[in-house]
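The values are calculated or read from the model by the stated rules, or taken from the named source; none is laboratory data. What you see is a predicted model, and the numbers here were worked out from it, not measured in a lab. Quick reminder, even Gly has a Cβ in these numbers, built from the backbone with ideal geometry, and neighbours come from all protein chains shown. Heads up: the accessible areas ignore ligands, DNA and RNA and are worked out on the full protein's heavy atoms, side chains in. Shrake-Rupley method; radii C 1.70, N 1.55, O 1.52, S 1.80 Å.
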Amino acid sequence: MPPAAPRDRLGRALHDLRISITDRCNFRCPYCMPSEVFGRDYEFLPHDQILRYEEIARLASVFVGLGVRKLRITGGEPTVRRGLPELVAMLAALRAPDGEPLDLAMTTNGSALRHLSRPLADAGLRRVTVSLDSLDDATFRRMNGIDFPVAKVLDGIDAAVEAGLGPVKVNVVLKRGENDGGILDLARWARDAGHVLRFIEYMDVGTTNGWRLDEVVAAMEVIETIGREWPLEAASPQYTGEVAERWRYADGRGEIGVIASVTRPFCGDCTRARISAEGKLYTCLFSAIGHDLRGPMRAGESDDGLADLVAGLWGARDDRYSERRAAATERPLPKIEMFALGG
Ligand code: SAM
Ligand code: SF4
Ligand code: SF4
């Protein structure tokens, strides 16, 4: 029997699983899938190399047996994959060993939420996180790389709330000189609408986005900028392994979060595993190497065998890339692209 709750070499449990269900996306955000690299000729994974929905659900249930209680569907852009509500229904049917349902969420660029929110909610999705880097239409069109209007994403967010998928978390990646002038507008909008805003520091994921440290807007700067307008107080984490630092508005009107992966890394609490669309397990967002789970699964491995495999890989884990980057003692290793892992 595989261990019920494996710990890695730094004592970290396995609680969260992010599942990338496609490497494709309809956007070309320059910090993630720059269009110069991901053009017409770019070869995405062929269909037979992508995990089928049944395979995703089977792997998810193996991870739940090992302690996972939070599942997040991501991509690429998850909503570009056909029949998404079917997958949601399969994942929503999973239960923890104590019979409790799992925390099932999805991260999306919001472009398809107007027509998908209701079917997804009906299938059992609980929450969505929408990535939205600016409320300014020109800035947003530039930052999604395909001239997509911000109004459509805002309408998609409304649709998600109407379908009961709120409160919606809104992820903002800040890039110096690009959208950092819009911090207060976003904060005002989210406070008024009851959305939870989360600012993510621009990260050196992958190798194609030309990341530079001077383009990172530090989380503390965001807190200070917003706090000058509407005073903020630090809130305690809701659970171990929560990556966002939470700050509450002193006037009681909601909260914001900052994900300071560059300036304040949190590897010590990282309880997160990731599966890529082709079924590789990554034990860190910055891993160069994924461990193939699809091959053994398609070769007929049993659930217990898969659980043993995953428990062994988790037990060997000693990743702490962001802490090492902060220490700046070594050159970064080659790593996987963000669109392939889903953040
Ligand atoms: N397409 C979906 C979306 O955009 O929400 C899901 C996948 S996307 C890779 C997941 C998250 O990663 C998004 O919130 C996106 O903004 C974030 N992201 C992508 N590249 C990033 C980078 N270089 N640094 C920080 N966050 C990044
Ligand atoms: Fe697509 Fe999301 Fe990457 Fe933007 S961040 S290119 S929406 S996968
Ligand atoms: Fe987790 Fe790797 Fe990010 Fe550290 S760098 S928090 S180990 S994913």
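When N counts the residues of the chain, how does its alpha-carbon radius of gyration compare numerically with 2.2 N^0.38 Å, as a ratio?
Numbers: Rg = 19.3 Å, N = 343, 2.2 N^0.38 = 20.2 Å.
Compactness ratio reported: 0.95.
Here's the list of aspartates and glutamates a cross-link from Lys70 could span, going by alpha-carbon distance under 16 Å and ignoring same-chain residues fewer than 8 apart: Asp16, Asp98, Glu100, Asp103, Glu242, Asp269.
If you take every DSSP beta bridge fully contained in the chain, what fraction is antiparallel? Give it as a percent rounded to 5.
Numbers: 14 of 44 bridges.
Approximately 30 percent, going by the DSSP bridge assignments.
Within 10 Å of each candidate Cβ there may be at most 16 other Cβ atoms; applying that plus a DSSP loop requirement, which chymotrypsin sites (Phe, Trp or Tyr not before Pro) in region 1-71 survive?
Details: sites: Phe27, Tyr31, Phe38, Tyr42, Phe44, Tyr53, Phe63; in loops: Phe27, Tyr31, Phe38, Tyr42, Phe44.
Filter output for region 1-71: Tyr42, Phe44.
Label positions at Leu10 and Lys152, each projected 7 Å from the Cα along the C-beta direction, are separated by 4.0 nm. What separates the Cα centres of region 198-254 and region 91-125 is a distance of 26 Å.
Within the chain, what is the longest stretch that has no trypsin sites (Lys or Arg not before Pro) placed in a DSSP loop and near at most 12 other beta-carbon atoms within 10 Å?
The longest uninterrupted stretch comes out as 83-211.
For the chain, with all protein chains present and a 1.4 Å probe, just round the carbon and sulfur fraction of the accessible area to a whole percent. Percent of accessible area from carbon and sulfur atoms in the chain: 50.
Pop the C-beta distance of Glu233 and Ala138 into the FRET formula with R0 = 30 Å and round what comes out to the nearest 0.05.
It comes out at approximately 0.30.
Tell me, how many Å apart are the Cα centres for region 136-191 and for region 23-39? Result: 18 Å between the Cα centres. Taking every protein chain into account, the accessible area of region 101-156 amounts to 38 square angstrom per residue (probe 1.4 Å). Think of it this way: in the chain, Cys25, Cys267, Cys270, Cys284 stand alone, with no other Cys Cβ under 4.7 Å. Shape class of region 88-185 from the alpha-carbon gyration tensor: prolate, with a/c at 1.5 or above and a/b greater than b/c.
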